[in-house]
Amino acid sequence: MKEKITQNDINRIVWNACDTFRGVIDPSQYKDYILTMLFLKYVSDVHREKRKQYLDKYNGDEERVTRAMKFERFVVPATSTFEYLFERRNEANIGELINIALTDLEEANREKLGGEDGSGIFRNIDFNSSNLGDQKDKNTRLKNLLIDFSDEKLDLTSEHLEGNDVIGDAYEFLISHFASDAGKKAGEFYTPSQVSTLIARLTKSAPGARICDPTCGSASLLIKAGKAVGSDNFSLYGQEANGSTWALAVMNMFLHGFDNATIRWGDTIRNPKLKEGDSLMKFDTVVANPPFSLDKWGAEMAASDEHNRFWRGTPPKSKGDWAFISHMIETTYEGKGKVGVVVPHGVLFRGSSEGKIRQKTIEENLLEAVIGLPANLFYGTGIPAAILIFNRGKGDNTDVLFIDASQRFEAGKNQNVLRESDIDHIVMTYQDFREGTPIDGKIGQVIEDKYSYRATFAEIKENDFNLNIPRYVDTFEEEEPIDVVAVQAEIDKLRVELTEVQTEMKKYLGELGF
């Protein structure tokens, strides 16, 4: 029996395959080549194994096998199999052959791998691009890539894998490593795993929920939110503005087994694609890590927005944070919908139009929690961020929870990390708040010293609806009193020692003739 393939085996092989492109093109670009090849290899391996099973079942009857294969997850033309490409790895036009293989795969699976405009998920990937070097170097790189993925341990059929989600986790492993190498561009396609886990747990959906991420990137956060349900009874929806990142999200869904997920390509603010008829689709849970303070987000069309998403006010044209928040709130079910969103701290206290929008959401009793995160958690920026939780089902409870988790993390060489214990503590504090008794009065309540605080509506109003966390969570540390007498005694002692050392030095210098 074939030895089981572990997660580490898969991760090692696919990560080593990245050596083909390192130093040639930027990680934010070569990630598309590696992840696309992993997807092609997965589809090809599963197709090969299924075909083998049907051949055994139908005693080699090709007609019955062909008919049965048409009902599998993917139809894989002969020219799109990994084996077909590997056999032709030495061809002078291997880049073109890979492009044709991807196009044929798209055409054979138009409903799954096609976009609304008729083109497919591989539209932005070109294995014949001059970015890969001149003809000779390009062919060498692609040949090496095919050789790397032909490793006998990289058999991506489920019966050879140790674990239920090895391929999906390998995809996530690659995306997270690409993000760590991609600098500022990383934030465009990936939310750190521990932040995704935290948001998914804070917004945990009930079975049967519709869950959406309107700026889904490669869909890691959306997948975490789905898994947090604890059953298979949920549906996932997402939208992504960047074409190549949208393709990663679609592939990510298939590799995790979420074949029925709906992922659209387009600008969520200017052109929301998730609709039912002419109206925006509504969701139980909406989560997102939108681009921080996006310039030119679409303020010019806000007043005439056909969906009336910006009725609370139009955010400034150079900072789109509240535009995304407004969209998220408006796409949740009234009376029960929940929103979890990552924001820069300026969202908590900036005035003008942002201040008015913030005030209205608080007066509507939508805001439930404000959670400050440590600095340097996110790829591409070292600034600290916060998570806002909005709940359209708060009922009579008008209190707001403030958590300052900025000092609880594990320091890393390049990125800080939220530990499992840090996440658990935030979630437990939030759950205890939701189960606690609302405060009847003006003054809030310290839940945990220097960490969490339960603020009343009256208190927030008194602060002019400013949500800056230090206004509510007192983290001031008193300095220990200085013993002036002891300090002076220490100084006198050091002076005596210095004099003795200087005398000794003069003695030695004299002996040396200086």
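Any read-out appearing in this document is the output of simple, stated calculations on the displayed coordinates, not a laboratory observation. If you're wondering where the values come from, they're calculated on a predicted model, not measured in any experiment. Here the Cβ is made from the backbone with ideal geometry for all residues, glycine too, and neighbour counts use every protein chain on show.
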Separation of region 389-449 and region 50-75 by C-alpha centroid, Å?
54 Å
Kindly rank 382-391, 196-205, 75-84, 485-494 from highest to lowest mean number of other beta carbons found within 10 Å of each residue.
196-205, 382-391, 75-84, 485-494
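Among 177, 307, 327, 256, which comes first, second and so on when ranked by fewest other beta-carbon atoms within 10 Å?
Numbers: 177 18, 307 14, 327 24, 256 21.
Ranked by crowding around the Cβ, least crowded first: 307, 177, 256, 327.
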Quick one, could you list the DSSP H helices from the chain stretching 27 Å or more along their long axis (Cα atoms) with average Kyte-Doolittle hydropathy of -1.0 or above?
27-57, 484-511
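Cut-off is 10 Å between beta-carbons; in what order do 319, 57 appear when sorted fewest neighbours first?
57, 319
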Of the peptides 260-272, 4-16, how do they stack up when ordered by the mean number of other Cβ atoms within 10 Å, highest first?
260-272, 4-16
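So for the chain: antiparallel DSSP bridges make up what percent, rounded to the nearest 5?
Working: 23 of 44 bridges.
Among the beta bridges of the chain, antiparallel pairing accounts for roughly 50 percent.
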Estimated vicinal HN-Hα couplings, Hz - region 301-308 in sequence order (Karplus 6.51, -1.76, 1.60; Gly, Pro = x)
9, 4, 5, 9, 4, 5, 9, 6
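Assuming a ≥ b ≥ c are the square roots of the Cα gyration tensor eigenvalues, decide whether region 185-471 counts as rounded (a/c under 1.5), prolate (otherwise, with a/b larger than b/c) or oblate. Please list the in-between numbers first.
Numbers: a/c = 1.41, a/b = 1.21, b/c = 1.17.
The shape class here is rounded.
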Starting from the Cα of residue 464, move 7 Å in the Cα-to-Cβ direction to define the label point; list residues of region 330-362 whose amide nitrogen is under 20 Å from there.
345-362
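I'd like the trypsin sites (Lys or Arg not before Pro) in region 378-486 restricted to DSSP loop residues with at most 11 other Cβ atoms within 10 Å, sorted by number. Walk me through the numbers before you get to the answer.
Numbers: sites: 392, 394, 408, 413, 419, 434, 442, 450, 454, 461, 471; in loops: 392, 394, 408, 413, 419, 442, 450.
In loop regions of region 378-486 (DSSP not H, G, I, E or B), the sparsely surrounded trypsin sites (Lys or Arg not before Pro) are 413, 442.
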Could you tell me whether region 7-181 comes out rounded, prolate or oblate from its Cα gyration tensor? Rule is a ≥ b ≥ c as square roots of the eigenvalues, rounded for a/c under 1.5, then prolate if a/b exceeds b/c, otherwise oblate.
prolate
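Which ordering of 123, 358 is given by a fewest-first count of other beta-carbon atoms within 10 Å? Working shown, then result.
Details: 123 19, 358 26.
Starting with the residue having the fewest Cβ neighbours, the order is 123, 358.
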Mind sorting out which of [x] 27.0; [y] 25.5; [z] 37.5 is the real mean projected area of the Cα convex hull in nm² computed from the coordinates?
[z]
Going down the table (296/360; 31/338; 41/143; 204/336; 273/338; 4/204), which pairs top 22 Å between alpha carbons?
296/360; 31/338; 4/204
